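Asks: Just dropping this structure here.
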Amino acid sequence: NEVQLKNSGADVSAAALFADTSDIPEGPINYGTIFGIYMYDNTLYRVPVTGAELKAYMEWSAACYNQYKPGDVSISFNPEKPGYLYDMFAGVDYEIDLSQPVGKRIKNVMFKGKPLSDDQQLTLAVNNYRYSSALKAQKLVAGTKEWESPNSIRDMLVAHIKEQEVIHPKVDNNWRIVGVNLSSPYRNELIKLVNEGKLEVPYAKSLNINELKSKGVIK
């Protein structure tokens with residue numbers, strides 16, 4: 001997202017991990033490292049959007065989560081929506097309320113310290129695949145691209161790292177999950193069971209205290 005904002009000049013950027021296992025380990029970085037986190041030759045678009053359209057796109061992304069239910073002590077994901085469909089947004093601050101059903105989860109979207117209004121005009125940096133497969137296919141955004149990068153996003157990442165020479169992980173804490181209560185007197189016990197390999201954390205279903213009690217996993 002940092003690279004996409006810098007190259008596009010857009011107000012907001014959206015990007016996803018292509019694989020949940022994506023990683024840049026500490027040490028020298030080569031082209032293989034970059035292919036590992038960005039395997040496709042996607043180009044970058046800058047697209048005009050309204051605040052309402054951006055929120056609709058964010059709702060589409062937030063559908064990757066399962067809805068929270070009482071007793072859950074972990075967050076899980078809709079198995080029909082793989083991780084590469086989950087976009088994270090930079091340039092805005094926002095909350096994802098998992099107590100709510102799909103389509104009603106994006107809350108308190110802020111742009112430059114002020115609530116984002118539905119009629120506010122913005123520009124969005126997004127790759128060409130997401131633009132066609134989601135923004136247009138799902139009719140989330142009416143506008144068309146006003147700029148396209150002459151090179152691939154992967155080339156931009158390579159240039160950025162060459163320029164920086166050394167990169168460090170950064171977290172800007174611009175979004176958070178709300179509407180959940182993952183605390184439990186049994187939480188430490190469950191963490192121990194998971195770490196010992198005695199309890200699996202399923203991708204598509206949350207660990208739920210009530211269900212684990214009924215199965216006798218915890219007493």
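Asks: Pick out the one residue from Pro185, Pro101, Pro169 that is modelled with pLDDT under 95 and under 25 Å from Asn66 (Cα atoms).
Replies: Result: Pro185 is the single residue among Pro185, Pro101, Pro169 that is modelled with pLDDT under 95 and under 25 Å from Asn66 (Cα atoms).
Asks: Of all residues in the range 106-129, count the ones that are open to solvent by less than 60 Å² (accessible area, probe 1.4 Å), touching a residue at least 60 places away in the same chain (Cβ under 8 Å) and over 15 Å from Asp11 (Cβ atoms).
Replies: 2
Asks: Within the range 45-64, is even one residue part of a loop (DSSP other than H, G, I, E, B) and either open to solvent by 20 Å² or more (accessible area, probe 1.4 Å) or at pLDDT 95 or above (or both)? Don't jump to the end; show me each part of the working.
Replies: The first filter runs over the range 45-64 and keeps only residues part of a loop (DSSP other than H, G, I, E, B), leaving 63-64.
Applying the additional criterion that residues be either open to solvent by 20 Å² or more (accessible area, probe 1.4 Å) or at pLDDT 95 or above (or both) yields 63-64.
Within the range 45-64, one or more residues are part of a loop (DSSP other than H, G, I, E, B) and either open to solvent by 20 Å² or more (accessible area, probe 1.4 Å) or at pLDDT 95 or above (or both).
Asks: Six or more apart or on different chains, Cβ under 9 Å: which pairs go from a residue in the range 5-29 that's at pLDDT 90 or above to one that's of a type in the set (Lys, Arg)? Could you list them?
Replies: Listed pairs, sorted by first residue: Ser8/Arg46; Gly9/Arg46; Ala10/Arg46; Asp11/Lys112; Ala14/Arg130; Ala15/Arg130; Ala16/Arg130.
Asks: Aromatic (Phe, Trp, Tyr), farther than 23 Å from Asp172 by Cβ and in contact (Cβ under 8 Å) with a residue 40 or more places away in the chain: which single residue out of Tyr94, Tyr38, Tyr86, Tyr68 fits that description? I'd like the intermediate steps shown before the answer.
Replies: Working: Tyr94 fails: farther than 23 Å from Asp172 by Cβ; Tyr38 fails: farther than 23 Å from Asp172 by Cβ; Tyr86 fails: farther than 23 Å from Asp172 by Cβ.
Going through Tyr94, Tyr38, Tyr86, Tyr68 in turn, just one is aromatic (Phe, Trp, Tyr), farther than 23 Å from Asp172 by Cβ and in contact (Cβ under 8 Å) with a residue 40 or more places away in the chain: Tyr68.
Asks: Consider Lys55 against the criteria (1) touching a residue at least 60 places away in the same chain (Cβ under 8 Å); (2) over 26 Å from Lys145 (Cα atoms); (3) among the charged types (D, E, K, R): it satisfies all of them except one. Which criterion is unmet?
Replies: Lys55 satisfies every listed condition except (2).
Asks: Identify all residues within the range 171-201 that are open to solvent by 100 Å² or more (accessible area, probe 1.4 Å) and in contact with a helix residue (DSSP H, G or I) (Cβ under 8 Å, 6 or more places away or on another chain); write none if there are none.
Replies: Applying the first criterion (open to solvent by 100 Å² or more (accessible area, probe 1.4 Å)) to the range 171-201 yields 171-173, 176, 185, 188, 192, 195, 198, 200.
Answer for the range 171-201, where residues must be open to solvent by 100 Å² or more (accessible area, probe 1.4 Å) and in contact with a helix residue (DSSP H, G or I) (Cβ under 8 Å, 6 or more places away or on another chain): just Glu200.
Asks: Please find, within the range 130-169, the residue that is farthest from Ser13 (Cα to Cα) out of those that are within 18 Å of the chain's Cα centre (by Cα) and hydroxyl-bearing (Ser, Thr, Tyr).
Replies: Ser133
Asks: To continue, here is another question. Among the residues of the range 69-80, write down those that are open to solvent by less than 50 Å² (accessible area, probe 1.4 Å) and either touching a His at 6+ places or on another chain (Cβ under 9 Å) or in a loop (DSSP other than H, G, I, E, B) (or both).
Replies: Quick first cut of the range 69-80, residues open to solvent by less than 50 Å² (accessible area, probe 1.4 Å) only: 71-74, 76, 78.
The answer is Gly71, Val73, Ser74, Ser76, Asn78.
Asks: Please go through the range 94-105 and give me each residue that is of a type in the set (Lys, Arg) and open to solvent by 50 Å² or more (accessible area, probe 1.4 Å), ordered by number. Talk me through it step by step, then tell me what you get.
Replies: Narrowing the range 94-105 to residues of a type in the set (Lys, Arg): 104-105.
Answer for the range 94-105, where residues must be of a type in the set (Lys, Arg) and open to solvent by 50 Å² or more (accessible area, probe 1.4 Å): just Lys104.
Asks: Which members of the range 163-219 meet the condition of being on the phi > 0 side of the Ramachandran plot and not polar (S, T, N, Q)?
Replies: Glu165, Gly179, Gly197, Gly216
Asks: Now a separate question. Just one of the numbered conditions (1) under 13 Å from Leu157 (Cα atoms); (2) assigned to a loop (DSSP other than H, G, I, E, B) is not true of Lys6; which one?
Replies: Only one criterion is unmet by Lys6, namely (2).
The values are calculated or read from the model by the stated rules, or taken from the named source; none is laboratory data. Quantities reported herein were computed from a predicted structural model and do not represent experimental measurements. Quick reminder, even Gly has a Cβ in these numbers, built from the backbone with ideal geometry, and neighbours come from all protein chains shown. With ligands, DNA and RNA removed, areas are computed over all heavy atoms of the protein, side chains included. Shrake-Rupley method; radii C 1.70, N 1.55, O 1.52, S 1.80 Å.
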